[in-house]
Structures are given as C-alpha cells and as structure tokens.
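Below: the structure, in structure tokens.
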Amino acid sequence: MFIGFVVNDPLRIEASSSTLAIVRRAQARGHRVALFGVEDLELDDGQRPWAHAYLFEAEDDPVPDLPPPERRTRVPLDAMDAISIRTSPGRDPERRLVHATCLNWLSVAERAGVWVFNAPAALRAAGAKDFMAALPPGTRPRMLVSRDAEAILAFAAECETGAVVKPLVGTRGEGVYRLDPADEAGARRILEELSAGGFILAQSYVTEAPAGDTRVILVGGEVLRVGEATAAVRRVPNPGEFRSNVHLGAHPERGCLDEAQKRTLAAIGPVLRAHDLYLVGADLVGNQVIELNVFATGGLTDAGTFEGCDFIDALVARIESDLAARRAAPG
C-alpha cells in the first residue's frame, strides 16, 4: 500500500502525536509512506494534483521527527492508494483558504480513485460544530446555532441546566464559555465577542462536565477495539473547570464506557458512515456527544498506554483490510 498523510506542516508535527505514530506504524507494516503539508500541493494544467512529499519506503529507517529535505519528491496524488487527512484547520486560522484548497484538490484525487479519509466533502460538512445537529436526538445536548444574542439568551433560559456557548470552528477549548444566568451583562459581552467571529453554537449544559469527558475513537462508525480493550481516554479537568481539554490542564485517565455510552455510540455510527466519516473522535460527557473530532483526532497513544495494547497497529490493520475490501467491491 502506498499511503499519503497530509498535515498542517510536516516540520511541526509533535513527536508524541498520534499522527506520527500512525505514519511510522504504516511504514513498519511494510507500506510506502508519503508525508506532506497543505502548502505542498500543486495542480497542473491537466487538473492533476501533485504533492512535494517526504517519501519513505518500508525498508528505510523509521520516519524521523523532522523529515530531511532530501526526502522530498514530487509525486502525483493519484499514484497513492489512500490518503489520510491529518490536518487541523482550527489551529491554523490564518491559512483557512489554503486548507480549503487542499480539500478541493484531494477531492480531485478522490475522483481519480484514491481512497481519501475522511472524505473531503465530509470534512467540509462536518468540520464545523453545527454538524452535531445531524446526530440523533438523545445522543447530544439540545443546541442552537445563531448570531442573535436574544435568541441564544432565550435558549439558555429554556435549558434547565443553562447553556455552554462556543465558536463553530475552534480547538483546545478556546472560546468555550458557560453562560451565567445571573449575569446577563457578562453573558452579553461573551456573545458579542463570539459573534464577531461568526456564528455561535449554544448547547444545553451537561451536568457531568466537571467530572470530565471521554474521547472515544471510532473507525467506520464502530468503536476501535483490541480484544476487550476500547480506544477511549477519560480527560479530567482541574477543579472548578468544566472544560476537559488537556491543553487547559486536564489530565488523561483510562476511559471506560458504560452501557448508556455504548448505546449512544452505536446510534451515531450509521450517521458517521452515511457521511463518509471514517476516523472520528467522539467526546462524551455522560452519555451525550458534545463534540466530534473529524480531522486529526488524538487519543490513540494515551488509550494504548492505559490499556496496555496497540491501537495504532489495530487502526493501520483496519485501514489495510478496508482498502482491500474497497478494491474488491464491484464497480
């Protein structure tokens, strides 16, 4: 298998990231690997997309933290069997148009027969948090997307537990606030700040939030497992904080799913498959999905450490088998 991985910038990948671990494992399992960034693409006059990629053969030394320049080679995207999109547009807002163009050209490769996951069209649809509305009622909090402060305040007043507001595109818990119903002036200031950047997602507050959330990795709409072990990580926030982002000081623990959470994940699986969202990180608070991570979801390495198994290897093995099934499918 010749598999490409597109990232924000190959020279800025964190050494401990799930992305680099996946890249190395694919190589270790005997595959040719291409690693390239969103700015490393070009489109020729025949509408064929190319990448100036770092190429690594199966027999090479493992992919280093900083790929050497001599490894860069111009390669057509349609020469690859599969391309994994491991970008994070939310952390790269100044290059938003570059990320959009990257998805457009990956769509060209997809039409040429390359398996691109998650599908570019799916990422355009699900890359913002308003996609949560596609999930079945009962699997997610109540929600409203608006820029109208009055509508959001009225929605928050209707929610017994109050509301959390956040920008439609964002990461690491930035711009996420719990509205205080006793402080209308403060709530209006928050909404004014957020609306300056676009639409606001308001969700009913899930009371289990201070106990943390659980990131669960789903592949093909199913929870990734190794035997009885589940690819899940619980993230516990600091006291007084309802956001469970590690970037904000939360610490990871072993994630265990109860029966209600398993039912929720089973219910959203068909939605993910229908939208061609192959690799997804679902963040659960209680038995409610509060966010879907459809770009470079993390958590695989931590989950493997806590469970004492190799979810990275399981993921690459699943990619291999699913690619073989796609090739064998009629038409």
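FYI, it's all coordinate maths here, none of it is from the lab. None of the values given here were measured: they were computed from a predicted structure. No Cβ is skipped: glycine too gets one built from the backbone with ideal geometry, and neighbour counts run over all protein chains shown.
Please give the helix 259-274 orientation as an angle from the longest Cα principal axis of the chain, in degrees from 0 to 90, rounded to the nearest 10.
It is inclined by approximately 50 degrees.
Report ³J(HN,Hα) in whole Hz for each residue of segment 26-40, in order, from the Karplus equation J = 6.51 cos²θ - 1.76 cosθ + 1.60 where θ = phi - 60°; Gly and Pro get x.
4, 5, 5, 8, x, 9, 7, 10, 10, 10, 8, x, 5, 8, 9
If I model a spin label at ARG327 and THR207 as a point 7 Å from the Cα along the Cα→Cβ vector, what separation in nanometres do I get?
Here the modelled spin labels are 5.4 nm apart.
Quick one: 3J(HN,Hα) in Hz for segment 303-318, Karplus 6.51/-1.76/1.60 with θ = phi - 60°, rounded, Gly and Pro as x.
Once θ is set to phi - 60°, the couplings for segment 303-318 become 4, x, 5, 5, 8, x, 9, 10, 6, 4, 5, 4, 5, 5, 4, 5 Hz.
If I model a spin label at LEU11 and ALA79 as a point 7 Å from the Cα along the Cα→Cβ vector, what separation in nanometres do I get?
2.3 nm
In whole percent, what relative contact order does the chain give with Cα contacts below 8 Å and a gap of six or more residues?
Over the chain, the number comes to 17 percent.
In nanometres, what is the gap between the two model label sites at THR305 and LEU97, each 7 Å from Cα along Cα-to-Cβ?
Modelled inter-label distance: 4.0 nm.
Can you give the extra length, in nm with one decimal, that the chain gains between ALA134 and GLU150 once fully stretched, where that is 0.36 nm per residue apart less the Cα-Cα distance?
3.3 nm
Taking amide H positions as placed 1.01 Å from N in the peptide plane, with prolines and chain starts having none, which residues 5 or more places from PHE5, or on another chain, fall under 5 Å of its amide H?
For PHE5, the qualifying residues are ALA34, LEU35, PHE36, SER84.
Pulled fully out, how much extra length does the chain show between ARG225 and HIS52, if you take 0.36 nm times their separation in residues and subtract their Cα-Cα distance?
That pair, ARG225 and HIS52, stretches by 58.8 nm at full extension.
Of PRO252, ALA122, ALA100, whose Cα points farthest to the positive end of the dipole of the chain (charges on the beta-carbon: +1 Lys, Arg; -1 Asp, Glu; origin at the Cα centre)?
ALA122
Of the beta bridges DSSP finds with both residues in the chain, what % are antiparallel, to the nearest 5?
The antiparallel fraction comes to roughly 80 percent.
If I compute semi-axes √(5λ) of the Cα gyration tensor in Å from the structure I just sent, which labelled value in (1) 27, 25, 19; (2) 35, 22, 18; (3) 51, 23, 20 lines up?
Read-out from the structure maps to (2).
Give the long-range amide H neighbours of TYR205: residues separated by 5 or more places, or on another chain, with amide H under 5 Å away, using H modelled in the peptide plane at 1.01 Å from N.
The answer is THR161, GLY162, ALA163, VAL164.
Let me have the 222 nm mean residue ellipticity of the chain computed from DSSP H runs of 4+ only, each contributing -39500 (n - 2.57), with the sum over all residues rounded to the nearest 500.
Roughly -9000 deg cm²/dmol at 222 nm, from the helical runs in the chain.
Under 1.5 on a/c is rounded, so check that first for segment 2-117, then, if it is not, pick prolate when a/b is larger than b/c and oblate when it is not; a ≥ b ≥ c are the square roots of the alpha carbon gyration tensor eigenvalues.
oblate
Read phi for every residue in segment 140-155 and hand back ³J(HN,Hα) as whole Hz from Karplus 6.51 cos²θ - 1.76 cosθ + 1.60, θ = phi - 60°, with x for Gly and Pro.
Taking θ as phi minus 60°, the curve returns 9, x, 4, 8, 8, 10, 6, 10, 8, 4, 5, 5, 5, 5, 5, 4 Hz for segment 140-155.
On C-alpha positions alone, give me the angle between the axis of helix 96-111 and the longest principal axis of the chain, in degrees, nearest 10.
For helix 96-111, the angle is close to 50 degrees.
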